[in-house]
Amino acid sequence: MTRLIVSSAADPNDVSLDTEDFGVIAAELAALGARVERWQATHPLAPNASQAEILAAYAPEIDRLKRERGYQAADVVSIKPNNPNWPALRQKFVVEHIHHDDEVRYFVEGSGAFYIHVGDRILQVVGEAGDLLSVPQGTPHWFDGGETADFTCIRVFTDPAGWEAHYTGDETWRGFPRYHKAA
């Protein structure tokens, strides 16, 4: 289930909001220019569906985002347990950074958490299968898919170069617990 935990950037135990109320989450994120949506495939997908099959199943939603936000492309990324590249990728993602493009992810399978750093607050947004999450360009954040990541996401973007991480140098991320999937 989608979850939002808002805490002090100085102390992750100083929690001002912890909710699974989708309306509250959507409103909190909209105030930042971020978004959360729930999507459904136009038809059932096989467990090992190809990138083309996944994109086709969500084409109406992807096309809507492209029209609304001017995005130009979409692709699919999949990280499965025991992926030998995940530890290095995870280390890159869990360091606070910004992008010159929005970061838009739709969770086809699995889950992960974005940590959005706004002023003196950190908003941890946990997305699961069925959730679209976006972080506006230029917004400091980090992402964690867990120690044994297991997710498939659609990525929607204007320019792949806009996804290059530009590290902020802020060390706040070090004081926050890593994401662990619910059992």
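Every number in this text was worked out from the coordinates using simple rules, so none of it is lab data. If you're wondering where the values come from, they're calculated on a predicted model, not measured in any experiment. Neighbour counts are summed over all protein chains in view; Cβ atoms, including those assigned to glycine, are modelled from backbone coordinates with ideal geometry.
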Legend entry - Charge sum, other residues only, whose C-beta stays under 10 Å from V36's C-beta, Lys/Arg counted +1 and Asp/Glu -1: -1
Legend entry - Spacing of the two label points (7 Å from each Cα toward its C-beta) at M1 and A52, in nm: 4.0
Inset, instruction - Compute the convex hull volume of the Cα atoms of the range 29-145, divide it by the residue count, and report the result per residue in Å³ as a whole number. - result: 109
Legend entry - For the range 44-132, with +1 on Lys and Arg beta carbons and -1 on Asp and Glu, the positive-most of S78, V108, V125 along the dipole: S78
Inset, instruction - Using 0.36 nm per residue of separation minus the Cα-Cα distance, give me the extension gain between R155 and V95 in nm, one decimal. - result: 19.6 nm
Inset, instruction - Check the straight Cα-Cα distances from K92 and name the lysines below 22 Å, setting aside those fewer than 8 residues away within the same chain. - result: K80, K181
Inset, instruction - Could you work out how far the C-alpha centroid of the range 57-124 sits from that of the range 131-183, in angstrom? - result: 6
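What FRET efficiency, computed as 1/(1 + (r/R0)^6) with R0 = 45 Å and r the Cβ-Cβ distance, is obtained for H166 and H43, rounded to the nearest 0.05? Intermediate results must be reported in sequence, preceding the final value.
Details: r = 39 Å, r/R0 = 0.86.
Between H166 and H43 the formula returns 0.70.
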